[in-house]
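The values are calculated or read from the model by the stated rules, or taken from the named source; none is laboratory data. Quantities reported herein were computed from a predicted structural model and do not represent experimental measurements. Note that we place each Cβ from the backbone using ideal geometry, even for glycine, and neighbour counts take in every protein chain shown.
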């Protein structure tokens, strides 16, 4: 069995993820393809992830790809998470990871509808509401959630949401839109707010893309997602793929077989997977530093991260739910985080002594990001303990 050591895995991060200066992408679409998808739970993370992997690409360039060219599209998929997909990868998600999310969402919401006494058959009632919403937007209109609730009264129907002390009655609107987004019937279109704030207008996916697109068959869809994941993140363990994909072990094993993935041994004694033609050693990218946003795909791409992240640092750099905060990287390892001062200046906060070379390189990246942000301060609800501590006076 071929062996791939941690040093090679870290070189792959530099080259394949476009983080070393010589390997940066030329545009937002190329940067997204390099990562398979970008996390989009927080809208600013998309722009910051692109900025880290490109030179000379602005906020407006990212918005153009998202809202004008529509070569990048937001889609709810793996682990019920919102991602930005390259347009051609959408059918694979619709038929597999997104469909799995939609099925689970329908089941949960149907149960709440029935328990609230809204309808004896919650699923049938929801399908009726879903059709009404899709028909309402079939002409290509784009409406925010509040306006949709006003124009489609069924969306104001209230059901129980949450459990225990957090239980409350709430309109079904957001959950129905989540269901329709996962199915690929609707899409989060233009953002009515600032690029750092999520205020999407919902519209028909067919109208947004300009033509209908059919979801891939489930097995085919999972295979394509796994193939692209291995291109970006391979080698990875079965545990990594199951976690990232949000699927079952059987689905992952079948997909690994369908793409012809081969086993490799990893440092520490575990077994990883790579594509069958992924045999070349990665060239030395030279010294490199990077500052990545919260929930960046490089940070969140694997479940087992010890080859680039000291396990002792996890409580400081991830929140209690496992969401990665901002990260500072030096030669393929996470060495700290970054924060912004009130004036917008980016400041690196290392976990320990990183050495003079790393400090200079990280400070240079901080200056680059400060200039790119142009005084804008980016907030987050996923601040790590280290980020919170660094912001204290």
| For residue 192: the one exception among (1) at pLDDT below 90; (2) under 29 Å from residue 96 (Cα atoms); (3) in contact with a strand residue (DSSP E or B) (Cβ under 7 Å, 6 or more places away or on another chain) | (2)
| task | Please state which of the following conditions residue 32 fails to meet, knowing it meets all the rest: (1) buried (at least 21 other Cβ atoms within 10 Å of the Cβ); (2) assigned to a helix (DSSP H, G or I); (3) in contact (Cβ under 8 Å) with a residue 60 or more places away in the chain. | result | (3)
| note | Scanning region 260-306 for residues that are in a loop (DSSP other than H, G, I, E, B), free of Cβ contacts under 8 Å to residues at least 60 places away in the same chain and either closer than 23 Å to residue 21 by Cβ or touching a strand residue (DSSP E or B) at 6+ places or on another chain (Cβ under 7 Å) (or both) gives 261, 276, 280
| query | Which residue out of 190, 149 is touching a helix residue (DSSP H, G or I) at 6+ places or on another chain (Cβ under 7 Å), farther than 30 Å from residue 243 by Cβ and not in a helix (DSSP H, G or I)? | reply | 190
| task | Could you check, for region 314-322, whether at least one of its residues is within 27 Å of residue 62 (Cβ to Cβ), in contact (Cβ under 8 Å) with a residue 12 or more places away in the chain and not in a helix (DSSP H, G or I)? | result | yes
| note | Pairing a residue in region 1-17 that is over 16 Å from residue 305 (Cβ atoms) with any residue that is part of a loop (DSSP other than H, G, I, E, B) and modelled with pLDDT under 95, where Cβ atoms lie under 6 Å and the two sit 6 or more apart in sequence or on different chains, gives none
| field | Residue that is nearest to the chain's Cα centre (by Cα), among those in region 152-173 that are part of a helix (DSSP H, G or I) and modelled with pLDDT of 95 or more | value | 173
| query | Among 130, 142, which is the only one that is touching a strand residue (DSSP E or B) at 6+ places or on another chain (Cβ under 7 Å), closer than 19 Å to residue 207 by Cα, surrounded by 14 or more Cβ atoms within 10 Å (Cβ to Cβ) and at pLDDT 95 or above? | reply | 142
| request: List every residue pair whose Cβ atoms sit under 7 Å apart, with the two residues 6 or more apart in sequence or on different chains, where the first one lies in region 344-367 and is closer than 15 Å to residue 329 by Cβ and the second, anywhere, is surrounded by fewer than 13 Cβ atoms within 10 Å (Cβ to Cβ) and modelled with pLDDT of 95 or more. | output: none
| Tally, over region 79-94, of residues that are assigned to a helix (DSSP H, G or I) and either buried (at least 22 other Cβ atoms within 10 Å of the Cβ) or in contact with a strand residue (DSSP E or B) (Cβ under 9 Å, 6 or more places away or on another chain) (or both) | 6
